[in-house]
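A short worksheet on the structure shown next.
Every read-out reported here was derived from the displayed coordinates using simple, explicitly stated rules and does not represent laboratory data. Worth saying up front: this structure is predicted, and the values here are computed from it rather than measured. When we count neighbours, we look across all protein chains shown, and the Cβ atoms used for this are built from the backbone with ideal geometry, even at glycine.
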Amino acid sequence: MLLENILKPPVPIFDTHAHYDDEAFDEIREQLLSEMAQNGVGVIINNATDLEKSAEKCLELSRHFDFCLTAVGVHPESVERYGEEVDIARLKELCKNNSVVAVGEIGLDYHYSSDRKQMQIEVFRSQMEAANEMGLPVIIHDRDAHSDTFEAVRSIRPKGTVHCFSGSKELAMQYVDLGLYIGVGGVVTFKNARKLVEVCEAVPLDRILLETDAPYLAPEPFRGKLCSSSHIYYTAAKIAEIKGISLENVLQTTYKNAEQLYLNR
């Protein structure tokens, strides 16, 4: 399906999770971001994975492109090089930048980073606590760590979203009951995405956020290729199909959801 055949006229996209600081974009970053507006993209949140290089690159993108916002935090795969002594003062200092709207990407990853689980948990908790102190939402990474992630969130009660949600519909509704949003990306378009389809059926539209995780997880028909924020149209179209509603409704409601969480403070 051609992009121009999906929606006329385009409804703005709010991509709540991307990584345009990633080296995969080095050769095309400037041109790609310069063309976002004409491709219907209104807002992008770039998620840092550490408090140094990644955070600075995301902040630089925000200075250069006013539609790019920033989330700063220590990704679970970066935890080991910090140890439990993540510099929370540094995190708070970064959050003073006007473009920073969330603490993220933070969380737990037992798939690639199963060593030192307790260290991951402590760092995750300390960053959520800092976010609460600053009145910022969190952007949560949970890979193969559903139980520990939920227990930490339930204990600290941040506002925010569970990015690239991969749990059951029952777990999704538990997060919704805590006031969190569910992040849905291109995976929902995959043929083997039965669980995520069930999640989208169960979770009210006003608790869903659209995301890409660019440059990763491009939706069909771009699976395996470099992902861009404009691909959210395909994710939104799949959610519209699942829920039996219009594409415009999905895009407009999820845009308002993102505004409510990240911009209305």
For segment 37-128, convex hull volume per residue from C-alpha positions, Å³: 96 Å³
What span do the alpha-carbon atoms of segment 78-169 cover on each of the three principal axes, reported in whole Å from largest to smallest? 34, 31, 21
Explain nothing, just the number: relative contact order of the chain, from Cα pairs under 8 Å at least 6 residues apart, as a whole percent. 19 percent
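Calculate how large, on average over all directions, the projected area of the Cα convex hull of segment 119-216 is; give the answer in nm² to one decimal. Please list the in-between numbers first.
Working: hull surface 25.7 nm².
Taking the Cα atoms of segment 119-216, their convex hull projects to 6.4 nm² on average.
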Note down the net charge around Val41, summing +1 for each Lys or Arg and -1 for each Asp or Glu among other residues with Cβ under 13 Å from its Cβ. -4
Suppose R0 equals 41 Å; then what is the FRET efficiency for Asp26 and Glu248 from their Cβ-Cβ distance, rounded to the nearest 0.05? 0.75
Under Stokes-Einstein, with the Kirkwood radius over Cα pairs standing in for Rh, what whole-number D in µm²/s applies to the chain at 20 °C and 1.002 mPa s? 118 µm²/s
Cα-derived Rg over Rh, computed across segment 19-77 with Rh taken as Kirkwood radius: 0.97
In nm, spacing of pseudo-spin labels at Ile88 and His111 (7 Å Cα→C-beta vector): 2.9 nm
Could you sort the peptides 93-104, 170-181 by per-residue average Cβ neighbour count (10 Å cutoff), highest mean leading? 93-104, 170-181
Taking Lys and Arg as +1 and Asp and Glu as -1, residues besides Glu220 with C-beta under 11 Å from its C-beta add up to +4
Here the tail fraction of P(r) beyond 14 Å, over all Cα-Cα pairs of segment 191-265, rounds in percent to 62 percent
Taking the alpha carbon gyration tensor of segment 131-172, what are the square roots of 5 times its eigenvalues, largest first, to the nearest whole Å? 19, 11, 8
At what distance in angstrom do the alpha carbon centres of segment 99-130 and segment 25-72 lie from each other? 22 Å
Per-residue [θ]222 nm for the chain (sum of -39500 (n - 2.57) over DSSP H runs n ≥ 4, rounded to 500): -11000 deg cm²/dmol
